[in-house]
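S.K.: My questions all concern the structure below.
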Amino acid sequence: MRRELVEPRPNWRQDVEKLGLIFHTPKGVPYWDESVCYRFTSAEIDTLEAATEELQQLCLKAGQFIIDNDRFSDLHIPPAAVPAIKDAWEKEPPSLYGRFDLAYDGRNPPKLLEYNAQTPTALLEASVVQWYWRREVRPATDQFNSIHEKLIAKWTDLRSYLKGDALYFMHVDDAEDMMTVSYLRDTAEQARIRTSALLVREVGWNESAQCFRDLEEKPIRSLFALYPWEWLLGEFSGPVLKTCGAMDWIEPIWKMMWSNKGLLAILWEMFPQHPNLLEAHLQHPGGMGEYARKPLLSREGANVTLHTLGGTVETPGDYGEEGYVYQALAPIPCFDGNRPVLGSWYITDQGPAGMGIRESATPITDNLSRFVPHYFD
């Protein structure tokens, strides 16, 4: 694994915009960065793929453990949601994808930083944009990337399962979320699923019919929500819980067990010393000198505090009231002052599917961290 300097393509802005990446330089700050890339060996890619599959299997065991041992309060999951979570876990409604964020240096086993199991983004960049970059810039090489094909294969599997005559995609009025939903709709439509998009504020609740409706008052039977479950329950708790069994929610409500950083402590409790895990606890352990304190539900690096022998680094944000997890510091390599975090994608029933890399000049990956392409040979 090594970091390489690359000459950006002359018309790279137009090239990535044609593929749908419209926020490549938000507020003048580079997000898509093809002035560098990461090179891997095929053996290193095999290691990352195997670690991704292993972590998925560990999470499946952890989900059952949380249910069997009633550990929902440790994750600050509302009691009202527990019956719906148990029911969805048992019935296995549609589930699509997730992204494991990993620390990896090419020598030691990849370590799990967190699992973005419900609303992962940076999908178009990982699936399409960096693939076309490789074809043009490193045509004789390969890339850990079958995300597009596996998404279409998964949607094809779900086509006969989904309720209603259309799959709705719900998102907030945000450029990144809109781009992610547009790409996911495209993959679903390639699997011959009819789709429609709605902003969160455009989804209505019909009390007499006890169902959600679109702008034309048509009932919504299948809904992909790029919207965290804790927000859904906070804003529409009654209607959401009433419909968990009657309509298809993607991702299903049981993903609340995985999209919670308390999962990291549960995994360590179940599999201590596992080579792909970092020590993690729900309460601060006295013997942990250097560690990261992460809110259970934070996103994009918000409200993370790193305690190191050299001092403390922290990020602002609005999270933390839900509690924290304390995780040993990850061995993230540093290349000329840049720290890469590898996002390894898993498509349900299709397996490990590909990787996207976010690079930061700070110890904490946040929403300003750059996306850089990769290849292997």
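The values are calculated or read from the model by the stated rules, or taken from the named source; none is laboratory data. Note that this is a predicted model, so its numbers are computed, not measured. Because the Cβ atoms are built from the backbone with ideal geometry, glycine has one as well, and the counts that use them run over all protein chains shown.
S.K.: Which one of the conditions (1) surrounded by fewer than 14 Cβ atoms within 10 Å (Cβ to Cβ); (2) over 17 Å from N145 (Cβ atoms) does D33 fail to meet, given that it meets all the rest?
M.R.: Looking at each condition in turn, D33 falls short on (1).
S.K.: For region 138-165, how many residues meet the condition of being among the charged types (D, E, K, R) and either part of a strand (DSSP E or B) or under 15 Å from W345 (Cα atoms) (or both)?
M.R.: 4
S.K.: Are there any pairs, at least 6 apart or on different chains, whose C-beta atoms fall under 7 Å, with the first in region 181-203 and touching a residue at least 60 places away in the same chain (Cβ under 8 Å) and the second among the aliphatic types (A, V, I, L, M), and if so, which?
M.R.: Within 7 Å, the pairs are Y183/L123; Y183/L124.
S.K.: Criterion first (assigned to a loop (DSSP other than H, G, I, E, B), buried (at least 20 other Cβ atoms within 10 Å of the Cβ) and touching a Ser or Thr at 6+ places or on another chain (Cβ under 9 Å)) does P120 satisfy it?
M.R.: So P120 fits the description; yes.
S.K.: Kindly list the number of the only condition in (1) at pLDDT 95 or above; (2) buried (at least 16 other Cβ atoms within 10 Å of the Cβ) that fails for L199.
M.R.: Of (1) at pLDDT 95 or above; (2) buried (at least 16 other Cβ atoms within 10 Å of the Cβ), only one is false for L199: (2).
S.K.: Being hydroxyl-bearing (S, T, Y) and in contact (Cβ under 8 Å) with a residue 40 or more places away in the chain is the filter here; which residues of region 154-180 pass it?
M.R.: Y161, Y168, T180
S.K.: In the set D157, D177, D173, which member is loosely packed, with under 15 Cβ neighbours inside 10 Å and in contact with a strand residue (DSSP E or B) (Cβ under 9 Å, 6 or more places away or on another chain)?
M.R.: Unique residue meeting the criteria: D173.
S.K.: Taking Y115 as meeting all but one of (1) under 19 Å from Y375 (Cβ atoms); (2) surrounded by 19 or more Cβ atoms within 10 Å (Cβ to Cβ), write down the number of the exception.
M.R.: With (1) under 19 Å from Y375 (Cβ atoms); (2) surrounded by 19 or more Cβ atoms within 10 Å (Cβ to Cβ) applied to Y115, the lone miss is (1).
S.K.: If I ask for residues that are surrounded by fewer than 20 Cβ atoms within 10 Å (Cβ to Cβ), in a helix (DSSP H, G or I) and not aliphatic (A, V, I, L, M), which ones from region 57-71 would you list?
M.R.: Once the filter is applied, which keeps residues that are surrounded by fewer than 20 Cβ atoms within 10 Å (Cβ to Cβ), in a helix (DSSP H, G or I) and not aliphatic (A, V, I, L, M), region 57-71 yields Q57, K61, G63, Q64, F65, D68.
S.K.: Return the residue satisfying two criteria in turn: it lies in region 205-218 and is of a type outside the set (D, E) and touching a Phe, Trp or Tyr at 6+ places or on another chain (Cβ under 7 Å), and of such residues it is surrounded by the fewest Cβ atoms within 10 Å (Cβ to Cβ).
M.R.: Checked region 205-218; the qualifying residue surrounded by the fewest Cβ atoms within 10 Å (Cβ to Cβ) is W205.
S.K.: If I ask for residues that are touching a residue at least 40 places away in the same chain (Cβ under 8 Å) and touching a strand residue (DSSP E or B) at 6+ places or on another chain (Cβ under 9 Å), which ones from region 261-273 would you list?
M.R.: Once the filter is applied, which keeps residues that are touching a residue at least 40 places away in the same chain (Cβ under 8 Å) and touching a strand residue (DSSP E or B) at 6+ places or on another chain (Cβ under 9 Å), region 261-273 yields K261, G262, L263, L264, A265, I266, L267.
S.K.: It is to be established whether one or more residues within region 230-238 are part of a loop (DSSP other than H, G, I, E, B), in contact (Cβ under 8 Å) with a residue 24 or more places away in the chain and not small (G, A, S).
M.R.: The answer is no, given that none of the residues of region 230-238 is part of a loop (DSSP other than H, G, I, E, B), in contact (Cβ under 8 Å) with a residue 24 or more places away in the chain and not small (G, A, S).
S.K.: Hey, does region 129-146 have a residue that's small (G, A, S), under 26 Å from T243 (Cα atoms) and over 19 Å from the mean Cα position of the chain (by Cα)?
M.R.: Looking through region 129-146, none of the residues is small (G, A, S), under 26 Å from T243 (Cα atoms) and over 19 Å from the mean Cα position of the chain (by Cα).
S.K.: Of the residues that make up region 178-199, is at least one of a type in the set (F, W, Y) and part of a strand (DSSP E or B)?
M.R.: Scanning region 178-199, I find no residue that is of a type in the set (F, W, Y) and part of a strand (DSSP E or B), so the answer is no.
S.K.: Would you please list the contacts, defined by Cβ atoms under 8 Å and residues six or more apart or on different chains, that run from a residue in region 120-146 that is at pLDDT below 95 to a residue that is β-branched (V, I, T)?
M.R.: Cβ pairs passing all conditions: T121/T180.
S.K.: Just the residues that are outside any strand (DSSP E or B) and either surrounded by fewer than 16 Cβ atoms within 10 Å (Cβ to Cβ) or at pLDDT 95 or above (or both), please, taken from region 367-377.
M.R.: N367, P373, D377
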